[in-house]
Amino acid sequence: MSIKDNLEKVKSSFSNPDCTLVAVSKTKPLEDLKEAYESGIRDFGENKVQELQWKQPEMPEDVKWHMIGHLQRNKVKYIAPYVYLIHGVDSVRLLNEINKQGAKIGRKIPVLLQMHIAAEETKFGFSEEEVEAFLQEATEESYASVEIKGLMGMATNTDDQAQVRKEFKGLKSFFDSLQSKKHPLLSTMNELSMGMSGDYQIAQEEGSTMVRIGSSIFGARNYPTQN
Ligand SMILES: *Cc1c(COP(=O)(O)O)cnc(C)c1O
């Protein structure tokens, strides 16, 4: 099947047609990205700064680049000018660095806070308590160069659908509770990034507004990646 066919198949299986599809193109060659672009995709997800850096100038200007992986603080400056949304903000220190780089270039950088919802130890992210504690201290003025657009989470890598659903449900419920707080830093929060190739249908049923799909579009990756 071609990338175009895969995309049609994925989209036709969406239970929420308004959910944004981020095509995760990590490890894939430019020709694959171009094929997806020609099929109408504008949102692309990458998880390595170096790879984003070489792909970005090779693709049309209207591509929206999503940084979905773990981001090191010393690399924020490279993507700060053009990144459309940083999904993996998993610590206050990283958020501070993004805010600093945004201020330097006069840009309010859109981010999602990554929540740790999986049973695995290895997945990065905030706990609910950490986010609550952060919000108690944080003011709009001190974070003038970031825009918190919402939350991101990755469910446990398991065949147990009930567990995956439970984790997404929990994330959605925390998302709703944050929205109802009306914290000034969260006034632009409307995105919930959850769901990948193996679990995007469950994620949509549980309220996802953005799914990050790689292998169901581009096929299996040529080599394994960290996250
Ligand atoms: C690789 C990756 C995806 C896409 O995974 P697939 O299973 O290929 O759809 C989604 N989110 C993150 C954070 C990733 O690193």
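Remarks
- Those residues of the range 42-64 which are away from the ligand (no atom under 14 Å from the Cβ) and not charged (D, E, K, R), in sequence order: Gln50, Gln53, Trp54, Gln56, Pro57, Met59, Pro60, Val63
- When Glu51, Glu38, Glu46 are checked against the criterion of being over 18 Å from the mean Cα position of the chain (by Cα) and modelled with pLDDT of 95 or more, Glu38 stands alone in meeting it.
- Selected residue (criterion: nearest to the chain's Cα centre (by Cα)) from residues of the range 172-202 that are polar (S, T, N, Q) and not in a loop (DSSP other than H, G, I, E, B): Ser193
- The set of residues from the range 152-178 being touching a strand residue (DSSP E or B) at 6+ places or on another chain (Cβ under 9 Å) and away from the ligand (no atom under 16 Å from the Cβ) comprises Gly170, Lys172, Phe174, Phe175, Leu178.
- Residue in the range 203-220 that is in a helix (DSSP H, G or I), modelled with pLDDT of 95 or more and within 15 Å of the chain's Cα centre (by Cα) present: yes
- Considering the range 92-141, and only residues there that are of a type in the set (Val, Ile, Thr) and closer than 20 Å to Lys181 by Cβ, the residue that is farthest from the chain's Cα centre (by Cα) turns out to be Thr139.
- Selection from the range 114-130 of residues that are surrounded by 18 or more Cβ atoms within 10 Å (Cβ to Cβ) and either outside any loop (DSSP other than H, G, I, E, B) or in contact with a helix residue (DSSP H, G or I) (Cβ under 7 Å, 6 or more places away or on another chain) (or both): Gln114, Met115, Ile117, Ala118, Phe126
- Here Lys149 clears all of (1) outside any loop (DSSP other than H, G, I, E, B); (2) farther than 15 Å from Ile117 by Cβ; (3) without any contact (Cβ under 8 Å) to a residue 40 or more places away in the chain; (4) touching a strand residue (DSSP E or B) at 6+ places or on another chain (Cβ under 8 Å) except the condition numbered (3).
- Residue check, Leu135 touching a His at 6+ places or on another chain (Cβ under 7 Å) and at pLDDT 95 or above: yes
- Residue within the range 164-184 that is closer than 17 Å to Pro110 by Cβ and in contact (Cβ under 8 Å) with a residue 60 or more places away in the chain present: no
- Residue check, Ala133 over 21 Å from His87 (Cβ atoms) and of a type in the set (A, V, I, L, M): yes
- Any hit, the range 139-152, residues being at positive phi, crowded, with 16+ Cβ neighbours inside 10 Å and at pLDDT 95 or above: yes
- Taking every residue in the range 11-38 that is within 15 Å of Ser215 (Cβ to Cβ) and pairing it with any residue that is hydroxyl-bearing (Ser, Thr, Tyr) and loosely packed, with under 12 Cβ neighbours inside 10 Å, at least 6 positions away or on another chain, the pairs with Cβ-Cβ distances below 9 Å are Thr27/Tyr223.
The values are calculated or read from the model by the stated rules, or taken from the named source; none is laboratory data. This one's a predicted model, so the numbers in the text were calculated from it and none came from an experiment. Here the Cβ is made from the backbone with ideal geometry for all residues, glycine too, and neighbour counts use every protein chain on show.
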